[in-house]
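*Asks:* Before we start, here is the structure in question, set down as structure tokens.
The values are calculated or read from the model by the stated rules, or taken from the named source; none is laboratory data. On a predicted model such as this, the values are computed, not experimentally measured, just so you know. Glycine also receives a Cβ, built like all others from the backbone with ideal geometry; neighbour counts cover every protein chain displayed. Accessible surface areas use protein heavy atoms only, side chains included; no ligands, DNA or RNA. Shrake-Rupley method; radii C 1.70, N 1.55, O 1.52, S 1.80 Å.
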Amino acid sequence: MPSPVVVLGNGPVGQTAALLLARWGASVVLLDQRPRRDPVGSKAIVQQRDVLDVWEAVGAGRRIAGQGLTWTVARTFHRDRELFNYTFADPGRSPFPPFVNISQTRTEEILDERIAAEPLIDVRWNHQVTGIAQDKQGVTVQCGARVLRASYVVACAGARGDDVRRMLGVSFDGRSFDDRFLICDIRTDLPGWANERRFYFDPPWNPGRQVLIHPCPDSTFRIDWQVPAGEDGAVGVDPAGRDTRIRAIIGDRPYELVWSSVYRFHSRVVDRMRVGRVLLAGDLAHLVSPFGARGLNSGVQDAENAAWKLAFILHGWADESLLDSYHDERHAAARENLDVTDATMRFLVPGTEAEHSHRRAVLAAAGTDPAARAAVNSGRLAEPFWYVDSPLTTPNPDHPFTGRPPRGAVPPAGPGILVPDAPVTIGGRRTRIRQLARDGFLLLAGDRVDAGTVHAAAQRATSAPIRLEHITDIDDDTALGARPDELWIIRPDAHVAAVLTGPDPAAVHTALRRAVAADTTTTEEEGHGALPATR
């Protein structure tokens, strides 16, 4: 391996990137400008099922899920009337719930424990980056008088990483919203509220605005109030006003204030998520409003996308052209998140009289009109992005992308989609589809596919690790909707790279070469990819 990969920022996105890179056998130096971890407040609390699955690849997913609070129902109210509720679909048989609520502080602690057990990760606090310079061989990272040499950099320096963006020469266009949100974490007993998210439009105790209530572990509830732009940060520190707001929701029952803050939210994205040998991830690259929990969840998916592609390059299984697809895929995901959350903000904080009128009419009709109910926008919750337009994806007209699915649903399995998870029995050992996929390319062959011919063609196409299994070995093979004459090629991040019908060697060769951004016209034979360095 060449010089280590340097990860800038020791928050959850940087921690995830470091752990995933180490899992692939890469040495990592993890830098943060803070003197130490600052475990204060709940911050990003909603962790989505597929992000828990990413963390399970580094030994943390089940612990985070087990220590979090599971919820499966999202309820939406207008004033004092419930408009609707919905639960979340699982297209396969995932071991994880749709969402768990757990404080970002506790998530970071669990990831820190995994990092402490990983000899390939060198954590360095008190390292503020003052310069980034690149050449053909690597990246020089300056931290005051200290200089580090890196093969590549994953920049996860957070929302306030303006200096890093400036060093990289990227723009950060978008907008900031005037309204503030007051957050309070309180510990109290609210019977019946422990397993559901509640969203209130125009409640009597916050007229004209919204309130969001999330349950958390240890009888803690996170409450977010939208407050007018004219109410500055004092609303968050005035004990009497804060208590009045809390009492309006919980009544006279006792409570403990655990943490309180005021935040203003933003909608921004950088123009480039790849700058040479530097990949931008998480809040450094994109900021969205918190409604839908798309910030941290999307950042973890950035980290996974960056990690497998850097690992393939470092192992010699792909060349640097693969990194262009990082921008293609994750910038498209960021734009989708901005599109979704901006639509939510236009409903929550109307900016024109037409938007105000639309909101009033929709909320008034939503109690009885299903069409109006569908138009109520309290935030579309986080979901993995679909890489259907990626240059790495081979489309198949028999498995078309049907567009953004309804709330709580997922698109049908197919090229570009995160593969549904399901148990698999291989040689008497129980595992899961996604566990198999995250060690390289996973080929799932139908009964009418010549497995030997397909495997040989795959070995000639790429030197990356390849594993071939039979679709009928999947306990619930209906999750894919696969036919006996199909071959499914799954990427290392468990997204479907291709579904080939009646595949011949040339089609397999082309699909796998495309999946690593390689020249699809070559017929050069390459050796079989063993499985080094993945753990």
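*Asks:* Starting from the eigenvalues of the Cα gyration tensor, five times each then square-rooted, give me the equivalent ellipsoid semi-axes of region 376-475, largest first, whole Å.
*Replies:* Numbers: eigenvalues 160, 61, 33 Å².
Semi-axes (√(5λ), whole Å): 28, 17, 13.
*Asks:* A further question on this structure: For region 49-187, taking Cα atoms only, what is the radius of gyration to one decimal and the Dmax to the nearest whole Å?
*Replies:* Final numbers for Rg and Dmax: 20.7, 62 Å.
*Asks:* Give me the net charge for the shell around residue 136: Cβ to Cβ below 15 angstrom, other residues only, Lys and Arg +1, Asp and Glu -1. Walk me through the numbers before you get to the answer.
*Replies:* On the way: positive: 149, 277; negative: 135, 319, 320.
Taking every other residue near residue 136 into account, the sum is -1.
*Asks:* Using only the Cα atoms of region 1-109, each taken as one equal point scatterer with no solvent, compute I(q) by the Debye sum, divide by I(0), and report log10 of the ratio at q = 0.15, 0.18 Å⁻¹.
*Replies:* One equal scatterer on each Cα of region 1-109 leads to -0.76, -0.96.
*Asks:* Can you work out the accessible area per residue across the chain, with the rest of the protein chains kept in place, probe 1.4 Å, in square angstrom?
*Replies:* Working: 20400 Å² over 535 residues.
Result: 38 Å² per residue.
*Asks:* By accessible area of protein heavy atoms, probe 1.4 Å, what ranking do 273, 167 get, highest first? Don't skip to the answer; put the middle values down first.
*Replies:* Details: 273 0, 167 45 Å².
The ordering from most to least exposed comes out as 167, 273.
*Asks:* Further question: Of all beta bridges DSSP finds with both residues in the chain, what is the antiparallel percent, to the nearest 5? Mind showing how you got there, number by number?
*Replies:* Values: 71 of 98 bridges.
Looking only at bridges with both residues in the chain, the antiparallel portion is about 70 percent.
*Asks:* Taking just the alpha-carbon atoms of region 457-520, what radius of gyration and Dmax come out, in angstrom?
*Replies:* In order Rg, Dmax, the Cα atoms of region 457-520 give 11.9, 36 Å.
*Asks:* Take every Cα-Cα pair in the chain and report what % of them are more than 45 Å apart.
*Replies:* 16
*Asks:* Using alpha-carbon pairs under 8 Å, 6+ residues apart, how would you state the relative contact order of region 148-299 in percent? Write down the numbers at each step before the final one.
*Replies:* Working: 256 pairs, mean separation 53.2, N = 152.
With pairs under 8 Å counted, the relative contact order is 35 percent.
*Asks:* Given q = 0.09, 0.18 Å⁻¹, what are the Debye log10 I(q)/I(0) values for region 192-301, with equal point scatterers placed on the Cα positions and solvent ignored?
*Replies:* These q points yield log10 I(q)/I(0) values of -0.33, -1.04.
*Asks:* Using the alpha-carbon atoms, what tilt in degrees (0 to 90, nearest 10) does helix 324-348 show relative to the longest principal axis of the chain?
*Replies:* 20
*Asks:* Kirkwood Rh and Cα-based Rg: tell me the resulting Rg over Rh for region 278-411, rounded to two decimals. Don't jump to the answer; show the numbers that get you there.
*Replies:* On the way: Rg = 18.3 Å, Rh = 17.0 Å.
Reported Rg/Rh (Cα atoms, Kirkwood Rh): 1.07.
*Asks:* Restricting to DSSP loop positions (anything but H, G, I, E, B) with no more than 16 other Cβ atoms inside 10 Å of their own Cβ, which trypsin sites (Lys or Arg not before Pro) remain in region 138-171?
*Replies:* Values: sites: 146, 149, 160, 165, 166; in loops: 160.
Of the trypsin sites (Lys or Arg not before Pro), the ones in loops of region 138-171 whose Cβ has at most 16 other Cβ atoms within 10 Å are 160.
*Asks:* Once the Cα gyration tensor of region 75-142 is diagonalised, what are the square roots of 5 times its eigenvalues, in whole Å and ordered largest first, as equivalent ellipsoid semi-axes?
*Replies:* On the way: eigenvalues 360, 73, 52 Å².
Three semi-axes, in Å: 42, 19, 16.
*Asks:* To the nearest whole percent, what portion of all C-alpha pairs in region 318-374 is separated by more than 18 angstrom? Present the calculation step by step, with values, prior to reporting the outcome.
*Replies:* Values: 895 of 1596 pairs.
Tail of the P(r) past 18 Å holds 56 percent of the pairs.
*Asks:* Using label points projected 7 Å from each Cα along Cα→Cβ, tell me how many nm separate residue 485 and residue 272, to one decimal.
*Replies:* Taking the two extended label points, one gets 4.6 nm.
*Asks:* Ignoring ligands, DNA and RNA, please state the percent of accessible area on the chain from carbon and sulfur, probe 1.4 Å. All intermediate terms of the calculation are to be shown ahead of the outcome.
*Replies:* Working: 9960 of 20400 Å².
Answer for the chain: carbon and sulfur cover 49 percent of the accessible area.
*Asks:* Count the DSSP beta bridges whose two residues both fall in region 13-126, then state the antiparallel fraction as a percent rounded to the nearest 5. Working shown, then result.
*Replies:* Working: 12 of 16 bridges.
So the antiparallel bridges amount to about 75 percent of the total.
*Asks:* Here's something else I'd like to know. Which one, 78, 121, 94, projects farthest toward the positive side of the charge dipole computed for region 72-124 from Cβ point charges (K/R +1, D/E -1)?
*Replies:* 78
*Asks:* Taking the Cβ-Cβ separation of residue 146 and residue 117 as r and a Förster radius of 35 Å, what is the calculated FRET efficiency to the nearest 0.05?
*Replies:* Numbers: r = 26 Å, r/R0 = 0.74.
Once the sixth-power term is evaluated, E becomes 0.85.
*Asks:* What is the distance in Å between the Cα centroid of region 121-172 and that of region 291-315?
*Replies:* 18
*Asks:* Further, regarding this structure: Testing the spin-label approximation: label points 7 Å from Cα along Cα→Cβ at residue 450 and residue 109. State their distance in nm.
*Replies:* Spacing of the two 7 Å Cα→Cβ label points: 5.8 nm.
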